[in-house]
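Since the structure comes first, as structure tokens, the remarks are kept for the end.
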Amino acid sequence: MNDALTTYGFLSAKLKTRISKTLPPEAIDRLVKARSLPEAVLFLKGTAYAAIEEAYSATGDLRAGEALLNARELELFTGMFRYLEEPVLSFVRALSLRYEVDKVKDAVRLWFDARVRQRDVDGKSAYIYRGTIVHAIDVDEIVRAPDVDALVAALRATPYAEIARREIPAAIAARSVFAFEVALDRFYYDEAFASAERLGRKDRAVAERILGVDVDMQNVSWLVRFKGFYGMSAERALSYLIPRGKAIDATAVASAWSEGKAGPGAGGSFGIDLLRKAYGDAGALLGGGGGDAGARLAMMEAALRRVSMAEADRNLGGYPFSIGVVLAYFTKSREEIRTVMTILNAKYYSLPEERIRSSL
């Protein structure tokens with residue numbers, strides 16, 4: 001207990017204080033009901049999302065506000081490093097690789113648009129985070145790289161250089177960075193699970209359970225797109241899955257496919273049976289299996305987000321001196337930012353209230 005208190009005491013208090021500042025349901029409801037984007041943004045003044053209001057009021061640029069908010073949240077997360085010791089430090093660093101992978105994706109997408117698709121990307125890199133997360137990465141060097149060799153060189157001294165060397169030539173031939181981005185996601189989960197294995201027994205169980213839900217969210221999104229939008233074969237779809245999901249992993253999907261539950265004749269039940277089996281009572285969140293691929297994807301993703309948030313609340317209400325508090329903050333922070341930005345972007349496009357609520 002003393003070791004746990006020493007490891008998590010101060011950090012737990014700090015993160016719970018930050019979590020207590022999350023927007024209450026009535027604030028989210030007010031955002032949804034706002035008559036316009038400027039009105040919605042104004043509601044954020046004086047909250048943890050004031051950065052969006054400040055940037056939008058000064059420039060009218062919603063993306064600039066989102067970038068500033070993400071930077072502040074990321075710096076709060078990486079600021080945990082100085083309070084931690086091994087093996088917890090390595091695990092929290094591994095979690096922060098999620099942000100770093102997103103940073104690499106954004107930079108390489110711009111490079112790909114400029115060099116392969118011959119599009120104008122001037123000014124777009126301004127929204128990418130410039131600080132160091134785990135590895136030193138020069139975003140501008142990536143975006144300006146004249147060829148693949150220069151792109152790989154821009155990622156030197158990072159694990160992403162080898163991934164780029166292996167995947168980018170094929171991406172150019174296919175005119176798609178999809179496989180490259182899948183490889184980056186695999187790297188992130190490999191690192192996260194490997195670092196979780198070094199945690200103490202109780203922390204490891206909590207970490208692997210929450211990471212498993214996260215993997216399921218990723219795999220559900222991919223599988224429904226593979227099946228519903230691309231008509232991809234079972235063999236190819238399985239090759240892209242991230243292993244170690246609680247429900248949606250290669251073994252479970254291969255079995256469902258062989259039984260006709262996930263293949264071309266599966267109809268509306270695609271993926272739902274796997275999730276119900278894995279999440280028990282949470283299966284009630286999954287509802288029916290009707291509708292098109294887009295409707296099923298939205299339904300299953302929403303269900304898994306609720307499962308993930310339920311896990312976070314469970315960790316916050318349990319023993320306070322564990323990795324669970326860190327993971328709860330990680331989950332709640334990402335979900336609240338997703339919710340706020342979904343609403344604001346919907347207001348930008350003047351979408352009706354009922355459509356906004358259906359996407360939350």
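The values are calculated or read from the model by the stated rules, or taken from the named source; none is laboratory data. Please read these numbers as outputs of a predicted model, since none were measured by experiment. We place every Cβ from the backbone using ideal geometry, glycine too, and count neighbours over all the protein chains shown.
Residues considered: Ser176, Ser125. Of these, the only one that is under 22 Å from Asn219 (Cα atoms) and among the polar types (S, T, N, Q) is Ser176. Give region 142-152 a look and list any residue that's free of Cβ contacts under 8 Å to residues at least 40 places away in the same chain and closer than 21 Å to Tyr99 by Cα, or say none. Within region 142-152, Ile142, Val143, Val152 meet the criteria. Selection of first residues in region 37-64 that are within 21 Å of Thr22 (Cβ to Cβ) and without any contact (Cβ under 8 Å) to a residue 12 or more places away in the chain and of second residues that are of a type outside the set (A, V, I, L, M, F, W, C) and assigned to a helix (DSSP H, G or I), restricted to Cβ pairs under 8 Å at least 6 apart or on distinct chains, gives the following pairs, ordered by first then second residue: Leu42/Glu53; Lys45/Glu53. Quick check: is even one residue across region 176-185 of a type in the set (Val, Ile, Thr), closer than 29 Å to Asp113 by Cα, surrounded by fewer than 20 Cβ atoms within 10 Å (Cβ to Cβ) and within 20 Å of the chain's Cα centre (by Cα)? Yes: one or more hits. When we screen Ala114, Ala94, Ala71 for residues that are at pLDDT 95 or above, among the small types (Gly, Ala, Ser) and under 17 Å from the mean Cα position of the chain (by Cα), the only hit is Ala94.
Give just the number: which of (1) outside any helix (DSSP H, G or I); (2) among the aliphatic types (A, V, I, L, M); (3) modelled with pLDDT of 95 or more does Val32 not satisfy? All conditions pass for Val32, except number (1). For Asp281, the conditions (1) surrounded by fewer than 17 Cβ atoms within 10 Å (Cβ to Cβ); (2) modelled with pLDDT of 70 or more are fulfilled apart from (2).
The residues of region 36-51 that are assigned to a loop (DSSP other than H, G, I, E, B) and within 14 Å of Glu336 (Cβ to Cβ), listed by number, are Leu44, Thr47, Ala48, Tyr49.
Where residues in region 103-141 are assigned to a loop (DSSP other than H, G, I, E, B), among the acidic types (Asp, Glu) and without any contact (Cβ under 8 Å) to a residue 12 or more places away in the chain, which of them is nearest to Ala174 (Cα to Cα)? Before the answer, list the steps.
Step one: filter region 103-141 for residues assigned to a loop (DSSP other than H, G, I, E, B), giving 116-123, 128-138.
Subset that is among the acidic types (Asp, Glu): 120, 122, 138.
Now drop any that are not without any contact (Cβ under 8 Å) to a residue 12 or more places away in the chain, which leaves 120, 122.
On the way: Asp120: 20, Asp122: 24 Å.
Filtering region 103-141 for residues that are assigned to a loop (DSSP other than H, G, I, E, B), among the acidic types (Asp, Glu) and without any contact (Cβ under 8 Å) to a residue 12 or more places away in the chain, the one nearest to Ala174 (Cα to Cα) comes out as Asp120.
Out of all the residues in region 286-308, is one or more part of a helix (DSSP H, G or I), basic (Lys, Arg) and modelled with pLDDT under 80? Yes. Just need a number here: residues in region 142-198 that are in a loop (DSSP other than H, G, I, E, B) and of a type in the set (A, V, I, L, M, F, W, C). The number of residues fulfilling the criteria is 4. Residue pairs whose Cβ atoms lie under 8 Å apart, separated by 6 or more positions or on different chains, with the first residue in region 182-208 and under 20 Å from Asp102 (Cβ atoms) and the second hydroxyl-bearing (Ser, Thr, Tyr) and part of a helix (DSSP H, G or I), are Val182/Tyr240; Leu184/Tyr160; Phe187/Tyr160; Ser195/Ser90. Looking across region 322-359, the residues that are among the small types (Gly, Ala, Ser) and either buried (at least 17 other Cβ atoms within 10 Å of the Cβ) or modelled with pLDDT under 90 (or both) come down to Ser322, Gly324, Ala328, Ser333, Ala346, Ser358, Ser359.
Report yes if Thr22 is surrounded by fewer than 19 Cβ atoms within 10 Å (Cβ to Cβ), part of a loop (DSSP other than H, G, I, E, B), under 20 Å from the mean Cα position of the chain (by Cα) and not aliphatic (A, V, I, L, M), otherwise no.
Taking the combined requirement at face value, the residue satisfies it.
Scanning region 121-139 for residues that are crowded, with 16+ Cβ neighbours inside 10 Å and among the polar types (S, T, N, Q) yields one hit, Ser125.
Kindly indicate whether Val134 is closer than 24 Å to Phe81 by Cβ and among the hydrophobic types (A, V, I, L, M, F, W, C).
yes
Being surrounded by 18 or more Cβ atoms within 10 Å (Cβ to Cβ) and not charged (D, E, K, R) is not true of Leu42.
With the structure loaded, tell me whether Ser195 is surrounded by 15 or more Cβ atoms within 10 Å (Cβ to Cβ) and of a type in the set (S, T, N, Q) or whether it fails that test. Yes: the conditions hold for Ser195.
Just one of (1) part of a helix (DSSP H, G or I); (2) farther than 28 Å from Ser12 by Cα; (3) free of Cβ contacts under 8 Å to residues at least 40 places away in the same chain fails for Asp313. It is (2). The residue that is modelled with the lowest pLDDT, counting only those in region 199-244 that are basic (Lys, Arg) and in a helix (DSSP H, G or I), is Lys227. Every condition in (1) buried (at least 18 other Cβ atoms within 10 Å of the Cβ); (2) under 27 Å from Leu95 (Cα atoms) holds for Glu53 except the one numbered (2).
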